[in-house]
Amino acid sequence: MVVCMDSVGATKWAIKYCEELIRHGIKNTDMVYFSSDISRILINARSRFGVNSKKDINQFLGIMINQFKNFFGREGTILVPVFSWEFCRSNYFDINKTLGEVGLLGNWILENDSDFIRTSHPIYSFMVYGVEAPKILSIDSHDGWGKDSVFDYLYNKHAKNILIDVSLEESFTFSHHVEKMIGVPFRYNKDFEGIYIDMHGKTSKKIYSMYVRDLDIISRQRTDNRYLQDRGVARIYTFEEGLDVQIVDLFLSYEIIEKNLKYDMASAWYCFHEYTYKYGDTPTHKYEIKSMNK
């Protein structure tokens, strides 16, 4: 017997999720940046709504994304990351085909929802939909994290980072924007030259930059998941069946991260091994470029 997916139940769930975001301070005019691990969502959807086959998964994710679009699309803006380091490894990027490496949701949108369009940076790109999409899509910054990047735009527009079942330690990429803007000494600028295929299929050679970590410095990220909530710039709650959600105000979080990086030895973000971090020190590594000929 073929069991059909409960699309009505899935739709009600997605609406309820949007309503829960509203209850925790999100408005339909907000710019929202979703970081996610939707594994638990799909596991729950299998037992609750009969989401079993690939077709069911596509239908369920379509329902979920459509509810987000219905809620934010008229007056707000949605960004979903499709970050990929393929350009760094192979000197090649196809904006329509190169998959992201930071979760299923961004890749699903890339392959299934033509209403979203991908931003141009080959390492730190986003799928974007909503009223601010044209302005965001016009950004073609050399650096993925620096001034005039999409991350800088998110900061200036007071965007909200919604982390779905992922921790700050795993997924709060915005902190690297702060590191870039103030110039921490354990990172340095590295350019990557490669073949770039744009959305129209045009091929060219381009150079983009990443503010990379000095690999000679051994460190690990150790951010307490409640660090920003305890300082009044984030909210954490648990949705149905143990789904953890954190909402971070990126504009307000910037100053908190900056102060820790400048005046408290980055103690809230990193644990260094045999390296004493001090803001203002000379960078430990010089600029370099990885060209196509190397």
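Would you mind stating whether D152 is modelled with pLDDT of 95 or more and over 26 Å from V233 (Cα atoms)? So D152 does not fit the description; no. One residue stands out in segment 230-273 among those that are part of a helix (DSSP H, G or I) and hydroxyl-bearing (S, T, Y): the one that is farthest from T173 (Cα to Cα), namely Y263.
Within segment 23-37, at least one residue is within 29 Å of A159 (Cα to Cα), outside any helix (DSSP H, G or I) and either of a type in the set (K, R) or free of Cβ contacts under 8 Å to residues at least 12 places away in the same chain (or both).
Tell me, which residue of segment 38-85 that is in contact with a Leu (Cβ under 7 Å, 6 or more places away or on another chain) and more than 22 Å from E170 (Cβ to Cβ) is surrounded by the fewest Cβ atoms within 10 Å (Cβ to Cβ)? That would be I57.
Residues that are farther than 28 Å from P185 by Cα, in a strand (DSSP E or B) and under 18 Å from the mean Cα position of the chain (by Cα): does segment 204-214 have at least one? No; the residues of segment 204-214 include none that is farther than 28 Å from P185 by Cα, in a strand (DSSP E or B) and under 18 Å from the mean Cα position of the chain (by Cα).
So for segment 44-62 (the condition being free of Cβ contacts under 8 Å to residues at least 40 places away in the same chain, hydroxyl-bearing (S, T, Y) and not in a loop (DSSP other than H, G, I, E, B)), does at least one residue qualify? Yes, some residue in segment 44-62 is free of Cβ contacts under 8 Å to residues at least 40 places away in the same chain, hydroxyl-bearing (S, T, Y) and not in a loop (DSSP other than H, G, I, E, B). Of all the criteria given as (1) closer than 21 Å to Q246 by Cβ; (2) in contact (Cβ under 8 Å) with a residue 60 or more places away in the chain; (3) of a type in the set (A, V, I, L, M); (4) buried (at least 21 other Cβ atoms within 10 Å of the Cβ), the one not satisfied by M210 is (1).
The values are calculated or read from the model by the stated rules, or taken from the named source; none is laboratory data. These figures come from a predicted structure and were not determined experimentally. Because the Cβ atoms are built from the backbone with ideal geometry, glycine has one as well, and the counts that use them run over all protein chains shown.
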